[in-house]
1. Could you list, in sequence order, the residues of the range 111-120 that are open to solvent by 20 Å² or more (accessible area, probe 1.4 Å) and out of contact with any Ser or Thr (no Cβ under 6 Å at 6 or more places or on another chain)?
2. Of all residues in the range 255-296, which are over 21 Å from H351 (Cβ atoms) and either free of Cβ contacts under 8 Å to residues at least 24 places away in the same chain or among the acidic types (D, E) (or both)?
3. Quick one: which of D174, D102 is more than 23 Å from D254 (Cβ to Cβ), in contact (Cβ under 8 Å) with a residue 24 or more places away in the chain and assigned to a loop (DSSP other than H, G, I, E, B)?
4. Restricting to the range 27-41, name every residue that is closer than 14 Å to W71 by Cβ and touching a Leu at 6+ places or on another chain (Cβ under 9 Å).
5. Which of the residues spanning the range 53-96 are without any contact (Cβ under 8 Å) to a residue 24 or more places away in the chain and surrounded by fewer than 18 Cβ atoms within 10 Å (Cβ to Cβ)?
6. Run down D174, D208 and say which single residue is out of contact with any Ser or Thr (no Cβ under 9 Å at 6 or more places or on another chain) and over 30 Å from A109 (Cβ atoms).
7. When the range 333-366 is examined, which residues are found to be among the small types (G, A, S), in contact with a strand residue (DSSP E or B) (Cβ under 8 Å, 6 or more places away or on another chain) and part of a helix (DSSP H, G or I)?
8. Looking at the structure I just gave you, is R197 out of contact with any helix residue (DSSP H, G or I) (no Cβ under 6 Å at 6 or more places or on another chain), modelled with pLDDT under 95, farther than 21 Å from K125 by Cα and open to solvent by 20 Å² or more (accessible area, probe 1.4 Å)?
Amino acid sequence: MRKTAIASVLAFSALTGIGTADAAASAPAPALPAPTGGHAVGRSVMHLIDSSRPDPWVADRKARELMVSVWYPARKAAGRPAPYVTPQESELIIKSVPQLKDVPPDTLARTKTYARVDAPPLRRKEGWPLVVLSPGMTLPRATMTSLAEEFASRGYLVTGIEHTYESVDTTFPDGRTVTFEAGKGGQTPELGAKVARVRAADTTFVLDRLERSAHWNRLIDETRIAMVGHSVGGQSAAHLLPVSRRIKAAVNLDGSYNPPTPAKPVEKPFMMIGNPRQEPDSGERKGSWDLFWPHVTGDRKRWLTVTGAEHMSFIDYAVLQPQLGMPGYPIDGERSIKITRAYVTAFLDLHLKGRHQPLLDGPSSGYPEVRFW
């Protein structure tokens, strides 16, 4: 089976004396699930510098530098496949996980994706709705690639923001690769509030740059923007939604709230999808979702959980970790990605495209793992 192929090849190497390099060369590359929409997908990468503010995490950096990926509907699948991460990033990710000590360091750089580098964009007169992606703490923007490719294939322009020093690795065009610096002192309400502020500033800056870009401005419908975040990216999306004039809807993928209350009530469309530990607590102990939910005051809100899911079930690691020989989760990774794609796309189609989505009306026999609260 594919999910154990790399680990099996490495084990065979140890038993037979074949060199690790030879074994790595014969090991299949990891692969993401293919997008299911009708459009080919292109991907471009931008290096943006915000000279109006110093970096909030490293004192000697006088400007905030960001790497941003943009996925979009393409006219055709032309050009080379977009790399998942750089070799330097792959090495740092793999080194950060002790269970992957025998996995070749460039393995994740060889991951199969479906977007093509700088493929010619498919234009439409009114532009495409925009989805901003914000990954979890320590996680690179690449970890949301399977969602980005799906959304782009279904008619969205998608921006993935690398929140520098909040990721285990960020490679810049000049070859520099920087690592994690934020939050080394542990999780506190003060840190959570700072992360939300930093990500709000990062997101606002990226939206400003897209708006001023002669290239991207023509491809975006600026009246239809949503934000989807995983983990701390999800809580950041929730905190930014009520105070942003541009973001019309948001999705939190299994992000706990720290702090547990937004600055203003959340009246815009909002959805939370999490693992079973995020279910409502009927006892005296209240989780962060229980504390946050009363502040979601609009009538276009949804609280969902997925039976068998874990924290990483909503991003690429759900399918990549088993392929690297790590244990899977109770719910199969491809199944959890399929569920996440289905419900988040339905939410986006409803609130950015105005298309009724029966899937969001209540439990579905097609997705019995999903519970509505």
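1. K112, Y114, R116, V117, P120
2. Across the range 255-296, the qualifying residues are R277, E279, D281, S282, G283, E284, R285, K286, D290, P294.
3. One residue alone meets the criteria, D102.
4. Passing the criteria: L32, H39, A40.
5. Within the range 53-96, P54, A59, D60, R61, K62, A63, P87, K95 meet the criteria.
6. D208
7. Answer for the range 333-366, where residues must be among the small types (G, A, S), in contact with a strand residue (DSSP E or B) (Cβ under 8 Å, 6 or more places away or on another chain) and part of a helix (DSSP H, G or I): S336, A342.
8. Considered against the rule, which asks whether it is out of contact with any helix residue (DSSP H, G or I) (no Cβ under 6 Å at 6 or more places or on another chain), modelled with pLDDT under 95, farther than 21 Å from K125 by Cα and open to solvent by 20 Å² or more (accessible area, probe 1.4 Å), R197 comes out as yes.
The values are calculated or read from the model by the stated rules, or taken from the named source; none is laboratory data. Not measured: the values here are computed from a predicted model. All Cβ positions, even for glycine, are placed from backbone atoms using ideal geometry, and neighbour counts span all protein chains on display. Remember, those area values only see protein heavy atoms, side chains included, never the ligands or the DNA or RNA. Shrake-Rupley method; radii C 1.70, N 1.55, O 1.52, S 1.80 Å.
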